[in-house]
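The values are calculated or read from the model by the stated rules, or taken from the named source; none is laboratory data. Only a predicted model underlies this, so the values are computations on that prediction, with no experimental measurement involved. Neighbour counts run over all protein chains shown; Cβ positions are idealised from the backbone, glycine included. With ligands, DNA and RNA removed, areas are computed over all heavy atoms of the protein, side chains included. Shrake-Rupley method; radii C 1.70, N 1.55, O 1.52, S 1.80 Å.
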Amino acid sequence: MRFKNKSRKPTTLRCNAGRRCSFSVLVWSLVGCLLLLNLYSFISQKDARRGGTHFHINQHPHIRELEEVEEENIQLPPPRKRSPRAAKRKPKRPTTLIEEFLDESSQLRNVFFPGQRTAIDPRKSSENDTYYYYPGRMWLDTEGNPIQAHGGGILYDQRTKMYYWYGEYKDGPTYHAHKKGAARVDVIGVGCYSSKDLWMWKNEGIVLAAEENDETHDLYKLNILERPKVIYNEKTGKYVMWMHIDDTNYTKASAGVATSDFPTGPFDYLYSKRPHGYDSRDMTVFKDEDGIAYLVYSSEDNSELHIGPLNEEYIDVTQAMRRVLVGQHREAPALFKHGGTYYMITSGCTGWAPNEARAHAAESILGPWETIGNPCIGGNKVFRDTTFFGQSTFVLPLPELPGSFIFMADRWNPADLRDSRYVWLPLRVAGPVDHPLEYNFGFPLWSRVSVYWHKRWRLPYRWQGKK
C-alpha cells in the first residue's frame, strides 16, 4: 500500500492554463524559443548586411556564366615500355595525374604548362581574347616578358587609382642547395607590376632587391624571400611590405618588413623577427575596414595558424595573438571579408606538390574559425582535390560586384620555378556550406565559398578599376 509523503514538495509547476507541466519541458520550451529568436535575428542581420543584392547579381548573365561548371577530361598517357627484367623485378604501379604533373618529362607537361605560343599577350591579343584569363597559361607583361610575381598579392592604391601586383621575382635557374633540399632559385627580389584593368600589367621593376654580397643580411641571395604582401598606412603615408624570410634550410622561420613612400618603391628593408616569439613561414597581411591590419602566419612547424594585429605603423606586431586551426596543418593563407564575415582559404602542407584547398569562416578575425569545406567547383575530382593544380596566395575583392572576388593561386613548377604559372579564377560567396558546423547559440550559418574552374573567362564587363 502506497502512502503520500505530506512533507515532500511537489516536483511539478502549475501553468496559467491550470494544467500541470514538467519543469524540464518548460525549460526546454524556453531554450527552443531563444534559439529560434537567435536564428531569426542572425538571418535578418545577414539579409540586411547584404542588402538583397545577391539575387540581383545572380540574374546578371555574365555572373551566371562564371558560375557554370566546366569539366576537364585529361587522360593519363599509356604506360612507358619497360624491359621484362625490370617489370619482373619491380611491377609498375599505376601512375597518378599528380605524379604526371610533377614529372618534368611527362607527356602531359604541355597540358599543365602550355608553351609560349598560347601565352596571354596584351600586345597581340585579338578582340576575341582581350580581357580573358587563361588559368595556367604563360602571362606576359606589356613588354612581352613573363610576369614574375609569384606568391604575391595585389594592392589597389587610392592615390594613383592603380592596381599593384607584388610577388617573388623568380627569374633564375632552379637548383637544390643540397641533396634533400627543396627546389629553389636565388633571391632576386620583389617584383611589382601596375595595371588599371587587372589584365594588362606594366613591369615597374624590382622594388625590393636582394643583397648580393653580405651573407649576414636577411635578403642575401642564397636565403629565402617568399609571399610578399603590401598594405598602405594612411596615418604614416607609408606603403608597408611583409614577407616570409628564411635561410636555405628553412630554420630561421621569420617575418620581414620593409617600407616605401611610393607603391613602386624602392622599399627600405627594416628587419625580420619571429612574431610573438613563434616560428613564421607562409604568411599574409589583412587590412580591415577600421584600418587595423593583421599578420596571419603558419607556425609551430605549420601545424597551426597565428593571427595578431599590427601596431599603428604596421611595422611590428602587438602582444595580442590567437592560435587558430590548431593541428590542421594549413599554410598559404588568403584572407578576405564579405558581409561582416571573415573568410580564409588555405592549403595543405605538401611542399611543391598541389593539394586540396580548404575554406574557413569566422565572425571575428581572431576566431574561432570554422572549416567549411573545399571551395573548388568544376574540372574533375583530381582538379578539385589539387586546387586546380595550384596553391592559394591572395583573394582580391571586386567592390562593384558584391559577393564576387578573384581567387589568385600559383601553379608551381618545381622543375623550373621561374616558369611557374598563375591560376586566377572567379570566387563567389553564396549558398550553403558543405561541412556540418559546430553549432552554438550564435548559429554561424556561413555562406559557401566557391571557386569556379574555367579554361577561359573574363570579368562581367570591361574592368575600368574603381571610380
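From most to least packed by mean Cβ count within 10 Å, the peptides 129-139, 355-365, 208-218 give 355-365, 129-139, 208-218.
The convex hull of the Cα atoms of the stretch 94-458, projected and averaged over all directions, covers 18.6 nm². Cα to Cα, under 17 Å, and not fewer than 8 places away if on the same chain: which aspartates and glutamates meet these conditions relative to residue 235? In chain and number order, the partners are 157, 261, 288, 289, 290, 312, 313, 316. What the stretch 94-458 shows is 39 Å² of accessible area per residue, with the surface traced by a 1.4 Å probe over protein heavy atoms. Projecting the Cα atoms of 339, 150, 366 onto the charge dipole of the stretch 94-458, computed from C-beta unit charges around the Cα centre, puts 339 farthest toward the positive end. For the residue pairs 180/221; 170/381; 202/287; 170/196; 221/273, the alpha carbons lie more than 29 Å apart in 170/381. Relative to the Cα centre, the charge distribution of the stretch 94-458, modelled as +1 at Lys and Arg Cβ and -1 at Asp and Glu Cβ, gives a dipole magnitude of about 940 debye.
With a Förster radius of 60 Å applied to the beta-carbon distance between residue 107 and residue 311, the computed FRET efficiency rounds to 0.65. How far apart, in nm, are the 7 Å Cα→Cβ label points at residue 125 and residue 337? Going from the residue 125 label point to the residue 337 one covers 3.1 nm. Using the alpha-carbon centroid of each, what span in Å lies between the stretch 219-235 and the stretch 333-355? Taking the Cα centre of each part, the stretch 219-235 and the stretch 333-355 sit 19 Å apart. Look at where the Cα atoms of the stretch 262-309 and of the stretch 118-139 average out, and the two centres are 33 Å apart.
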